[in-house]
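See below for the structure under consideration.
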Amino acid sequence: MSTSRSVPLGVRLPALLVAAAMLVPVGYLVAVAATLTPGRALEILRAPATLELIGRTLALAATVTIASIVIAVPIAWCTERTDMPGRRLLSLSSALPLVIPTYVGAFALVSALGPGGLVASVTGWTPPSPYGFRGAAVALTLFSYPYVLLTVRGALRGLDPALEEASRSLGRGPVVTLLRVVLPQLRPSIAAGSLLVSLYVLSDFGAVTMLRTQTFTRAIFLQYRIAFDRAPAALLGLLLVVLTVTVLVLEARVGRGRSGTLARSGPVRPAGVVTLGRWRWPVTLAIGAFLALALVLPMIVVVWWLVRGIAAGQAFDPALGAAARTLAVAAGGAVVATIAALPIALWSARDTSRLARLTERTAYLGYALPGIVVAFALVYVGIRAVPFLYQTVGMLLVAYVVLFLPQAIGALRTSLLQVDTDVDAAARTLGASRWEVVMRVLLPLSRGGAVAGATLVFLTIVKELPATLLLAPTGFETLATRVWSATEEAFYARAALPALLLVLVGSLPLAVSMVRQERRRGSATDAGR
Amino acid sequence: MTRSRPMRTVMLVVVGLVLAACGGGGADAPAPDAPSPDASAAPGAAVPDAAGPLVVYSGRNENLVASVFADFTALTGIPVEVRYGDTAELAIQILEEGTRSPADVYFGQDAGALGALEAQGRFAALPDDVLALVDPRYRSRDGRWTGVTGRSRNLVINTDLVDAVALPASVFGLVEPAWSGLVGWAPTNGSFQAFVTAMRLIEGEAATRAWLEGMLANGVVPYRNNTAIVEAIGRGEIAVGLTNNYYLPRFVAEDASFPAENVYLPGDVGGIVNVAGVGVLATSSRPAAAIALVRHLLSVEVQTAFGSRVDAAEFPLREGVDSTLLPALDSLGAPDLDLSQLEDLQGTLTLLEDVRAFE
């Protein structure tokens, strides 16, 4: 049924091209690591610390991923499907922790929860230490669970409510329906979101250094930044690529099992609203309490910087230019990444061949690499291969695509898997060419996934730092570079406004997509009456 | 189809913003009026500078040095474009860019990074009269980079928890049990690395290893950077921190009741003076303008400003200029040290990994 014959060359060729571009960072690492003598390479690989780092890094990734699933799936379902009070506000704000750079978030946790911090000095109670593996796991979960939330939310919007309605009409309660009918259908999206979380943890630098957990990425940074020696860093980077492949194989086992079996056959009707009854308030309060930690606490710390700075008579720059540039490159990057992701998502959702799968997996290789490694690779290749693009906005957008393409692919592919292949077959029977099937059937039906993917990319670009610092046009400031340059040198008051604007800019696409969803939901409720 | 209207508006705004972003660099950056290099070199004369703005890669923070570059442009009419970033990352970027690097000047805050670029042959020689402005201890032996300001290593203490007189006169005293769990350092930080490298040079490999192991056994607390150390001292999480001298004044500027003070360690390796310095790239197409900028950084006005701004508070390195906020540089009795040798960082990194200082 699903063979390569169903995907036109016009999709396969661009997919292969995009995948090839994604291999640039890995190729760079191989070239640089090859300059090491075999003896030195072996010495680095066999260092006792290396194995320990691998173990701890994988444990951290697994912990954060599981915690993110446990938190994100219920929040996604409650904010999408129930009559919980404050649903719209919680729906918007639950995705926002993603725009908080981990170094700012982790710093906020330390200055609020650390010994002698805000909480201890106000309440007199000393919370558990934010440092170490546990603290890093908590911080990374708080600031990366939205990867799962947004992909699952996109999938929920694409589910055919007919199955749930059938389950309910056969006498199953809402809980049984959720567990036995909805959750199994969410499996591909949970897997896609989890993959983004676990690979993000592999690449994170900000939270683990702030909270003192030595991971693999931190070791790579030390090599680069202290010894100015690229070769050992490149070898460690390649080892990280191997870890990534391990995670990718695992995800393929979990996420691919029965995908496609519960597909729908056309545009979705919005699902009905589940009444929570006496659970309304407890559920709202639980989600609210969680968001107090993930979003409100960092915001309070930032506002505290602002208040303290005003009291000390500091001057403030509103940073509106930086906000406009951030908005522009994030929106541009999101659009370009979504377009680049389309061919790969289409091909891998409609073709089970080895080449299609390999192409899709290739796109994830660079994603787990620390941003700075990818940025150096693009510096090296960019200035030689495309000197006219070097340090232009165009180059920056290319960097964003290489860095964040998997976020767009995951969401798009999930939404395409929700469309039954019988739909393609029906269109073909009615005389549509393979190309027409893609353009007139699949693309319109993957809109939910495209929006979810573009939103993820947007939110991640808003806080991106290493590639922006090295590859943006000289003098091109964004909110993230502003926040970084101020916090790095302890000018917290000057970091406050850009940090608040970061959250504001991040909430824009979420607000737009929420308004659209609410309108659909509203019309569904009207139709139901 | 009322539904698509907000989407269409959003798309229009997005496209407009992208175009606007592509059009101009930064709002504060001077407009690149003449991007094409001026190829007409007068025969017989020295090759004149290429047209276009002078490009500076600055590992020094924008909040500290932006006004210095603006003053340079106002004085000379030479436009400057500055790429701000991390000192080490920008040095590696120049190494990765190779001979095509668009940078004319590198301004970094660590002698190690300057030394790494010098060792790779990326810097041109500076004129003798420029070098003569700075004490030879604070510039490259080969004359390819010069220090602009000095930053001393020192201790920051929480004044509620520790009395300055109770402190040891040397960092070697901090391995005593009395300081168990009370001291913080930033093992991944460039200045700390330079300090350890200096200790290896001055005190020897064995003594350095013994000190590191003693500190670790004494429960020294690792932080992400100097800023995080000072923040933790303010909260009382630790009592003593090994940092640079200029972080504390910024905390005090935002919070006058910040309970901490700087303690200098005259003559001790814990009080060495590192530099923030500048070099002109060998590949620069605007060497005359680049050297003019170096002269500007070493001018009496700029040097005086560095020594008297509360948020900068560094030691001026031009001979004859002293800071109004800091003790005189010579009074610190900093140990003699060849800053050019601070580039043996792989040895320091290996040692720190070996004693598990990053755990």
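The values are calculated or read from the model by the stated rules, or taken from the named source; none is laboratory data. Please read all numbers here as calculations on a predicted model, not as lab measurements. For neighbour counting, all protein chains shown are included, and Cβ atoms are generated from backbone atoms with ideal geometry for every residue, glycine included.
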A:Ala234 - would you say it is assigned to a helix (DSSP H, G or I), touching a residue at least 60 places away in the same chain (Cβ under 8 Å), under 24 Å from B:Thr87 (Cβ atoms) and among the small types (Gly, Ala, Ser)? yes
Hits in segment B:321-356 (condition: without any contact (Cβ under 8 Å) to a residue 12 or more places away in the chain and part of a loop (DSSP other than H, G, I, E, B)): B:Ala328
Please pick out the residue among A:Leu262, A:Leu248, A:Leu285, A:Leu295 that is over 23 Å from the mean Cα position of the chain (by Cα), of a type in the set (A, V, I, L, M) and modelled with pLDDT of 75 or more. A:Leu285
Taking the residues in segment A:454-502 that are touching a residue at least 60 places away in the same chain (Cβ under 8 Å) and hydroxyl-bearing (Ser, Thr, Tyr) as candidates, determine which candidate is farthest from A:Val335 (Cα to Cα). A:Tyr492
With respect to B:Asn189, determine if the residue is under 17 Å from the mean Cα position of the chain (by Cα) and without any contact (Cβ under 8 Å) to a residue 40 or more places away in the chain. yes
Taking segment A:151-171 and keeping only residues that are of a type in the set (D, E, K, R) and under 19 Å from the mean Cα position of the chain (by Cα), one is left with A:Arg153, A:Arg157
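Assigned to a loop (DSSP other than H, G, I, E, B) and either closer than 25 Å to B:Gln346 by Cβ or more than 23 Å from the chain's Cα centre (by Cα) (or both): which single residue out of B:Ala194, B:Ala178, B:Ala206, B:Ala169 fits that description?
B:Ala169
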What helices (runs of 4 or more DSSP H) completely inside segment A:377-462 contain at least 2 residues that are closer than 30 Å to A:Leu504 by Cα and within 14 Å of chain B (Cβ to nearest Cβ)? A:393-417, A:447-462
Pairs where the first residue, in segment B:254-266, is in contact (Cβ under 8 Å) with a residue 24 or more places away in the chain and the second is exposed (fewer than 15 other Cβ atoms within 10 Å of the Cβ) and of a type in the set (A, V, I, L, M), C-beta under 7 Å, 6+ apart: B:Glu261/B:Ala164; B:Val263/B:Ala164; B:Leu265/B:Ala169
Before we move on, is B:Arg250 within 30 Å of B:Ser58 (Cα to Cα), part of a loop (DSSP other than H, G, I, E, B) and either in contact (Cβ under 8 Å) with a residue 40 or more places away in the chain or under 19 Å from the mean Cα position of the chain (by Cα) (or both)? no
Looking at A:Ile310, A:Ile339, which one is in a helix (DSSP H, G or I), within 14 Å of chain B (Cβ to nearest Cβ) and touching a residue at least 60 places away in the same chain (Cβ under 8 Å)? A:Ile310
Under the condition of being more than 10 Å from every other protein chain (Cβ to nearest Cβ) and not in a loop (DSSP other than H, G, I, E, B), which residue from segment B:100-113 is farthest from the chain's Cα centre (by Cα)? B:Val105
Exactly one of (1) at pLDDT below 90; (2) surrounded by 22 or more Cβ atoms within 10 Å (Cβ to Cβ); (3) of a type outside the set (A, V, I, L, M, F, W, C) is unmet by A:Gly86. Its number? (2)
If I filter segment B:226-242 for residues that are among the hydroxyl-bearing types (Ser, Thr, Tyr), in contact with a strand residue (DSSP E or B) (Cβ under 7 Å, 6 or more places away or on another chain) and at pLDDT below 90, do I get at least one hit? no
All positions within segment A:41-64 that are of a type outside the set (Val, Ile, Thr) and touching a residue at least 40 places away in the same chain (Cβ under 8 Å): A:Ala41, A:Leu45, A:Ala49, A:Leu53, A:Arg56, A:Leu58, A:Ala59, A:Leu60, A:Ala61, A:Ala62
